[in-house]
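Worksheet: one structure, shown below.
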Amino acid sequence: MSNHLKKKVLITGGAGFIGSHLCERLLGIGHEVLCADNFFTGRRENIVGLLDHPYFEVLRHDVTFPLYVEVDEIYNLACPASPIHYQFDPVQTTKVCVHGAINMLGLARRTKAKILQASTSEVYGDPEEHPQRESYWGRVNPTGIRSCYDEGKRCAETLFFDYHRQHKLKIKVARIFNTYGPKMRPDDGRVVSNFIVQALQGAPITIYGDGSQTRAFCYVDELVDGLIKLMESPDTFTGPVNLGNPAEFTIKQLADKVLEMTGSNSTIEFRPLPGDDPRQRRPDITLAGEVLSWRPVVPLERGLAPTISYFRSLLSP
Ligand code: NAD
Ligand code: UDP
């Protein structure tokens, strides 16, 4: 890449699951990457292979505090994404979403950087519209156990659009649907990592509820493609745009697939469904197809294979 195209990119939450893949990809295409993370759910192991890269830098920083650096682009990913982690300290989760957004938007304003927000399908709550389009305003409980995350992310979207209207910031809002792949923590708590770890350890597969609720799972490499395409899209395109794989599965189907692919003889254990757990979720990705020419093609089996291999090597003594 010629030098004038090399950008200084800040990735908050860069040591997390998606963030660490994004750091690696942006370094690979010739950018300079500053990873800011407080390591709440992120792990040094995720970025250890990048530490010797001359254009990679790590900063231990909590985004609820202001940050003064010089950058051209900001990917704001800092926020625990797994329900067990974001519900551990829900007040902090709202602060990360809201104060984190204000601090990063302030930084973008001062440096005139373009800024992308990692929003979520959770802004649709427990949706009545299916599949979910960006025009749907959602059905979110403001006082439940998922609200710190759902409402925090909704408020962050509001802040992004107000900074855009009021201060003419260049913003991008991605509504990310369930994403999986290598570099998830074994104790992340989300469904794909839980099922694989349980299957590999011969422990019971824990299905919450009767397993008829649905999710659509996107392989991380393709999600990262989508984030970069969004960042590189014309300034007139702000989103929000759905990024996810529209192939929809019940949680029971996912459990069966993991059992089959790992060859495990784990049993299935049904546990109570947590409060406000969405019944169904599937992205309508027409907009991403039209504007970004982005459409994921990795089927679940093909993405599960490297994910299972990753956890196998992580768990082997
Ligand atoms: P993750 O938990 O692996 O990564 C989040 C990262 O943010 C971690 O490295 C964590 O240490 C860091 N972090 C948390 N609080 C912080 C703070 N106060 N200051 C600095 N860093 C902080 O989760 P992920 O799956 O990689 O998700 C990344 C982003 O994408 C999150 O914003 C999440 O809401 C969003 N998202 C993810 C998914 C998904 O399926 N993975 C779906 C929708 C949205
Ligand atoms: N889930 C499950 N067993 C687990 C973890 C999750 O049955 O061990 C269910 C969970 O109740 C939800 C779905 O799987 O219906 C996806 O959960 P996850 O935490 O991965 O993401 P989210 O609910 O935020 O989409």
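Readers should treat all values here as calculations from the given coordinates under stated rules, not as data from a laboratory. Remember, predicted model here, so these are calculated numbers, not experimental data. Note that we place each Cβ from the backbone using ideal geometry, even for glycine, and neighbour counts take in every protein chain shown.
So how do His61, His167 line up by other beta-carbon neighbours within 10 Å, fewest first?
Going from sparsest to densest Cβ surroundings: His167, His61.
How would you rank Cys148, Cys155, Cys35, going from fewest to most other Cβ atoms within 10 Å of each one's own Cβ?
With the sparsest Cβ surroundings first, the list reads Cys155, Cys148, Cys35.
Report, by chain and number, residues whose modeled amide H sits under 5 Å from the one on Tyr208, excluding near sequence neighbours (fewer than 5 apart, same chain).
Placed amide hydrogens put Arg271 under 5 Å from Tyr208.
Sort out for me the Cα centre separation of region 79-113 from region 167-215, rounded to whole Å.
Comparing the Cα centres of region 79-113 and region 167-215, I get a distance of 20 Å.
Mind giving me the FRET efficiency for Arg271 and Phe161? R0 is 41 Å, r the Cβ-Cβ distance, nearest 0.05 is fine.
0.60
Can you compute the helix-only [θ] at 222 nm over the chain? Use -39500 (n - 2.57) per DSSP H run of at least 4 residues, normalise by all residues, nearest 500 deg cm²/dmol. Walk me through the numbers on the way to the answer.
Values: 10 runs with 122 residues, N = 317.
Taken over the chain, the calculation gives -12000 deg cm²/dmol.
Please order Phe177, Phe88, Phe56 by the number of other Cβ within 10 Å, starting at the fewest.
Sorted ascending by nearby Cβ count, the order is Phe88, Phe56, Phe177.
For region 222-317, report the % of Cα-Cα distances exceeding 15 Å.
For region 222-317, the share of Cα pairs beyond 15 Å comes to 72 percent.
Ordered by residue, what ³J(HN,Hα) values in Hz, to whole numbers, does region 51-67 give under the Karplus form 6.51 cos²θ - 1.76 cosθ + 1.60, where θ = phi - 60° and Gly and Pro are x?
4, 8, 5, x, 10, 10, 9, 10, 10, 7, 8, 9, 5, 6, 10, x, 10
Can you give the convex hull volume of the alpha carbon atoms of region 1-57 per residue, in Å³?
Taking only Cα atoms, region 1-57 has a hull volume of 63 Å³ per residue.
Using a Gaussian network model on the chain with a 10 Å cutoff between Cα atoms, which of Thr286, Thr267, Thr206 fluctuates the most?
Top of the fluctuation ranking is Thr267.
Could you calculate the contour length gain from Met261 to Arg133, that is, 0.36 nm times the residue separation minus the distance between their Cα atoms, to one decimal place in nm?
Full extension of this stretch gives 42.9 nm more.
If you line up the Cα atoms of the chain on their principal axes, what length do they span on each, largest first, in Å?
55, 44, 38
Taking the Cα centre of the chain as origin, work out the dipole magnitude from +1 charges on Lys and Arg Cβ and -1 charges on Asp and Glu Cβ, in debye rounded to 20.
Approximately 520 debye in magnitude.
For a quick check: with amide H placed at 1.01 Å from N, whose amide H comes under 5 Å from Gln132's, ignoring anything fewer than 5 positions away on the same chain?
Under 5 Å from the amide H of Gln132 lie the amide H atoms of Arg282, Asp284, each far enough along the sequence or on another chain.
Take the cross-link list Lys153/Lys252; Lys7/Lys257; Lys7/Lys252 and give me the ones stretching past 32 Å between alpha-carbons.
Lys7/Lys257; Lys7/Lys252
Give a residue-ordered list of calculated ³J(HN,Hα) values for region 204-212 (Karplus: 6.51 cos²θ - 1.76 cosθ + 1.60, θ = phi - 60°; whole Hz; x for Gly, Pro).
In residue order, the calculated couplings are x, 7, 8, 9, 8, x, 9, x, 8 Hz.
Karplus couplings for region 168-173 from phi (6.51 cos²θ - 1.76 cosθ + 1.60, θ = phi - 60°), rounded to Hz, Gly and Pro as x?
6, 5, 8, 10, 9, 10
Run through the DSSP bridge list for region 163-250 and note the antiparallel percent, rounded to the nearest 5. Don't skip to the end; give the middle numbers.
Values: 3 of 8 bridges.
Antiparallel bridges make up about 40 percent of those DSSP assigns within region 163-250.
Can you list residues whose amide H is under 5 Å from Val173's amide H, if they're 5+ apart or on another chain and H is modeled 1.01 Å from N?
Gln117, Gly239, Val241
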